[in-house]
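For reference, the structure is listed below as structure tokens.
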Amino acid sequence: MEEKRFHREDYPLDILAEFGLTEEMIYDLPEFVHETLERGGKSPLLPICVEQPFGVTHAYAKFCLIETEEGLDVMFSPKLKSINLDAFSEEERQALLSGKVIVAEVDDKAVTDEGVEEMQRIQAFVQLDRDTNGVIYTPTQVIGRNLNAVATEYELSGDDLNSFWKGGLVTLYEENRQGQKEPVTIGVDLFTDTGVIVVPGTAAKWENTVRRVMPRYSFGNDGCWLNKDGRLTYVPEEEFTKDILDELERIAKLHGMVSEAHELRHAIQEPRVHADNTEEEQHQLVR
């Protein structure tokens, strides 16, 4: 597994707040999201807002942490409006849409010996970010070098290396300190620094670690993140709806814990009763 590059206590919360992501919203993200951010990966697609001269623009974006001379900064990957996969074959498109990393020919800018910039066809590892609809690629030589280093360390065969070119994963077994064989899975993911991720465990564990998505409900200390068809919204505790409270109660029962849902329901109902009484008083005055 990759080592931590960042620590959550150092998050640039002031910068994130400029985009509508409050401290409560950030720290209420699930643990696996923080682990991803700490190793240099991207967040899920989150709702952001930007102050404009004419008002506020609402959008969705992923973010990752980067190191600068001034300290930690944030880089956003906004959701794009459209995507063009026409350059790929039907088989390649289906592989990309399923989340696989493939090797394909793409058009890339190159500078000739005469200093002229022109488009060239190159072989590259290609991956689709299904949240932002962005297609990214890197020349095969770049990832190939990283794969060769991993191949040497784990004694991978030629067939193992070829499987990476088709979007596959490689699972092998290594002895632990107790002399027992344990699985280790290796795969390519272009959204990491090296493009290669090694995860202790099976292929299913690798997929769950690297491709894991936000659950429908994710409760934190101050609120809940809702995932509706990949679109996330944050609901503070005082704005919990009946559906959210029902889920909170269900999760508490599942883990044998005492739920706060009853108290929250009561707290939500009290202002409503007060509002109803106020409306009745105003109605009496009008009459």
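Quick look at the values:
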quantity: Hey, Tyr137 under 19 Å from Arg211 (Cα atoms), among the aromatic types (Phe, Trp, Tyr) and surrounded by 13 or more Cβ atoms within 10 Å (Cβ to Cβ) or not; calculated: yes
quantity: Residues being of a type in the set (Asp, Glu) and modelled with pLDDT under 90 - total across region 156-185; calculated: 1
quantity: Any hit, region 124-139, residues being closer than 30 Å to Ala61 by Cα, among the β-branched types (Val, Ile, Thr) and in contact with a Pro (Cβ under 7 Å, 6 or more places away or on another chain); calculated: yes
quantity: Residues of region 45-81 satisfying the condition of being outside any strand (DSSP E or B), of a type in the set (A, V, I, L, M, F, W, C) and surrounded by 13 or more Cβ atoms within 10 Å (Cβ to Cβ); calculated: Leu45
quantity: Matching option when the condition is surrounded by 14 or more Cβ atoms within 10 Å (Cβ to Cβ), over 30 Å from Lys181 (Cα atoms) and at pLDDT 65 or above, among Glu207, Glu237; calculated: Glu237
quantity: Residue match in region 193-203 (condition: over 24 Å from Arg5 (Cβ atoms) and within 22 Å of the chain's Cα centre (by Cα)); calculated: yes
quantity: Cβ-Cβ under 6 Å pairs, at least 6 apart or on other chains, region 169-187 side in the same structural domain as Val198 (by TED's automatic domain parsing) and among the hydrophobic types (A, V, I, L, M, F, W, C), far side exposed (fewer than 11 other Cβ atoms within 10 Å of the Cβ) and in a loop (DSSP other than H, G, I, E, B); calculated: none
quantity: Residue match in region 225-232 (condition: crowded, with 18+ Cβ neighbours inside 10 Å, closer than 28 Å to Met75 by Cβ and at pLDDT 95 or above); calculated: yes
quantity: Output for region 210-237, where each listed residue is in contact (Cβ under 8 Å) with a residue 60 or more places away in the chain and of a type in the set (Val, Ile, Thr); calculated: Val213, Thr233
quantity: Given (1) more than 30 Å from Phe6 (Cα to Cα); (2) surrounded by 14 or more Cβ atoms within 10 Å (Cβ to Cβ); (3) in the same structural domain as Thr194 (by TED's automatic domain parsing), index of the condition Asp129 fails; calculated: (1)
quantity: Per-region count, region 8-44, residues over 15 Å from Val74 (Cβ atoms) and in a loop (DSSP other than H, G, I, E, B); calculated: 3
quantity: Filtered residues of region 110-134 (kept if under 24 Å from Phe76 (Cα atoms) and at pLDDT below 85); calculated: Asp129, Arg130, Asp131, Thr132, Asn133, Gly134
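Conditions tested, residue by residue: (1) among the charged types (D, E, K, R); (2) within 26 Å of Arg216 (Cβ to Cβ); (3) in contact (Cβ under 8 Å) with a residue 40 or more places away in the chain.
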{"residue": "Glu18", "(1), (2), (3)": "yes, no, no"}
{"residue": "Val33", "(1), (2), (3)": "no, yes, yes"}
{"residue": "Cys49", "(1), (2), (3)": "no, yes, no"}
{"residue": "Pro53", "(1), (2), (3)": "no, no, no"}
{"residue": "His58", "(1), (2), (3)": "no, yes, no"}
{"residue": "Lys62", "(1), (2), (3)": "yes, yes, yes"}
{"residue": "Gly71", "(1), (2), (3)": "no, no, yes"}
{"residue": "Ser77", "(1), (2), (3)": "no, yes, yes"}
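The values are calculated or read from the model by the stated rules, or taken from the named source; none is laboratory data. A quick note: this is a predicted structure, and the numbers were derived from the prediction, not measured. Note that each Cβ is placed from the backbone with ideal geometry, even for glycine, and that neighbours are counted across all protein chains shown.
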